[in-house]
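Below is one structure, written out as structure tokens; comments come after it.
The values are calculated or read from the model by the stated rules, or taken from the named source; none is laboratory data. Computed from a predicted structure; not experimentally measured. Positions of Cβ are backbone-derived with ideal geometry, glycine not excepted, and every protein chain shown enters the neighbour counts. For the accessible areas, the whole protein counts, side chains as well, though only heavy atoms, and no ligand, DNA or RNA atoms are used. Shrake-Rupley method; radii C 1.70, N 1.55, O 1.52, S 1.80 Å.
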Amino acid sequence: MLKKLALTLSATAVMLSPLATQKADAATSVSYSSPVKVQIYNNTSFTLYNSGFYVLHNLQTGEKAFLQPNANVSFSKSGTSLVATLNNIKFSSTTGFRLQELVGGGQIHSFSSDTNIYKSASTASTLATTAKKGEVVEHIGVHTAANGDKWFNVRTGSGIIGWASRSSTYEPVSAPSLSLATINGRKYRGSIEIDATGKVINNLDMENYLKGVVPNEMPASWEPKALEAQAIVARSFALKAGSTLSSGTMSQVYRGYSSEASRSSAAVEATNGLVVKYNGVPVQTFFFSTSGGRTANVSDVWNSSQSSFPYLVSVNSPDEASPYNSWTEALSARKILNNFGYKSDTVLYDIKLDKPGQNGEVRGATLVTSEGTKSFSNLNELAIRKYFQTDSNLLRSNWFDLTLQKTYNVQTASGVNSQFGVSGQSVQLSGKTDSVTTSNVSIQTASGVISKPSDPATIKAIGKGWGHRIGMSQYGAQAMAKKGVSGVDIVKHYFPGTTVSK
């Protein structure tokens, strides 16, 4: 009987013991059903403000540490390593770091000073690890000892579980449910990776990515159905664009959570998962500002086989209320010669465009100069727009024509030449030969001396549309939406023969 009683008391003592570590599920990484990677920054010295729930993962050592919400993490270069500093705790990595977004809602602690974490709720227990001042740990449970001392059962970012005394451990608080990282003044959803060169990549779900794209590619004030069309086309582009997108116009303009707008976010949610397909297979889609009345065949704009992209064909796009339906740009002969790579003293005599596109899209040009005649052919739209760009801007599209006006009659050894200008040319002065390097020249006429630009902008590019004109016209989508056309039908109009589905 006594033996049985002793066993009962012993069992009771084990049930009440604070030494046994409690069990709880670890914080869960947020998973992305359709992940997207976007490069958002590139700098080896910057500060990230964390207003969410993240674990910092050293990609070299495998070490992990929870980040304290509403606090800064600074990154700097030291030799070949990138150094991350949070709450005066430093981590060094030759390969970089990942800030992994975690599911919020659980409870976390931090420490007022360096704190020993024991395997049981007693200072006499085995030391499990020592947490640094300001370090963050997960809350698992709590125990109050017979003497009134309070202990917290915790889990570190590296997965070590133990007990920390309340004397240097703050009471638990809820981990944020929305994780945002502020970098270079902008807030971003999702997770963040920084490699040793300072390249910063935002990893997040496709739908959240699109919420940071659509209002930057189309005004959020536009028609809801136009915004829905934009969301579908942007989703389809990103799905087929490759491993890492840029945050600029080389991919799609992405400015993160800071730029989200309720109306454009509603369009993303209304089209959740919808993509453009041809013969049942998702395809990459494109969009641009203004068509000028008709979109372009891909073969007339890029060096692409039309038969490989039967859905990227020219279609009507009427009623575009765009300031870029038609436009005129003035260029000088010297500017065009410089764009084409000619020497500074080359004289332009004539220029003719090669316009084989269905709508008259320019694919080449022939220049007649003092160096001879040279043709440039089979050029894509970007090359053409660069060759005929003004001082600061690309030409708006490759759908244009030229008007030429020669304002100089120049006496040469072989006769009189009509020319666009005289900049860079050699002229005979009193007793010497000199080159024209000034912006204006003084010319002796029968009525006196006049001043005239040496390189006047008398070559006019008169064109239509803005952008590559392949795929969906944004102003066209807006016009169709105003007529009551659905977002899906807008997309199908601009990509003939396609379907839209998940």
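Using a Förster distance of 22 Å, how high is the FRET efficiency between residue 44 and residue 132, based on the Cβ-Cβ distance and rounded to 0.05? Write out the running numbers ahead of the final one.
Working: r = 24 Å, r/R0 = 1.11.
The calculated FRET efficiency here is 0.35.
Share of pairwise Cα-Cα distances greater than 21 Å in region 121-264 is 59 percent (whole percent). Rounded to the nearest 20, the Cβ-based charge dipole of the chain about its Cα centre (Lys and Arg +1, Asp and Glu -1) stands at 520 debye.
Can you pull the percent of region 204-297's accessible area that's carbon plus sulfur, 1.4 Å probe, other chains left in place?
48
Using C-alpha pairs under 8 Å with a sequence gap of at least 6, the mean separation divided by the residue count of region 228-383 gives a relative contact order of 17 percent.
Can you tally the net charge around residue 133? Count Lys and Arg as +1, Asp and Glu as -1, for every other residue whose Cβ sits under 15 Å from the Cβ of residue 133.
Details: positive: 90, 132; negative: 114, 135.
With Lys, Arg at +1 and Asp, Glu at -1, the neighbours total 0.
First select every other residue whose beta carbon is under 12 angstrom from the beta carbon of residue 473; then total the charges, Lys and Arg +1, Asp and Glu -1. Charge balance near residue 473 sits at +1. Pairs of Cα atoms in the chain fall into 20 Å distance bins, from 0 up to the last occupied one, in shares of 19, 33, 27, 14, 5, 1, 0 percent. Helical content alone sets the calculated 222 nm signal of the chain at -4500 deg cm²/dmol, taking -39,500 (n - 2.57) per DSSP H segment of four or more residues and averaging over every residue.
Only Cα sites of region 362-502 enter the Debye sum here, all with the same form factor; the resulting log10 I(q)/I(0) across q = 0.12, 0.20 1/Å is -0.71, -1.28, listed in q order.
Add +1 for every Lys or Arg and -1 for every Asp or Glu among the other residues with Cβ under 11 Å from the Cβ of residue 251, and state the total. Please report the intermediate quantities before stating the final value.
Details: positive: 37; negative: 217.
Result for the neighbourhood of residue 251: 0.
Accessible area per residue for region 353-502 is 51 Å², calculated with a 1.4 Å probe on protein heavy atoms, without ligands, DNA or RNA. Among the DSSP helices (H) of the chain, those spanning at least 18 angstrom by Cα along their long axis with an average Kyte-Doolittle hydropathy of 0.5 or more are 2-16, 224-239; this is a geometric and hydropathy rule only.
Taking Rh as the Kirkwood radius, which is the inverse of the mean 1/r over Cα pairs, what is the Rg/Rh value for region 235-342?
1.03
The simple spin-label model puts a point 7 Å past each Cα toward its Cβ; for residue 350 and residue 76 those points are separated by 6.6 nm. Within the accessible surface of region 371-490, defined with a 1.4 Å probe on protein heavy atoms only, the carbon and sulfur portion equals 48 percent.
Summary value for region 247-314: 17 percent relative contact order, contacts being C-alpha pairs under 8 angstrom separated by 6+ residues. Taking the protein heavy atoms of region 83-171 in the context of the full set of protein chains, the accessible area attributed to carbon and sulfur is 46 percent at 1.4 Å.
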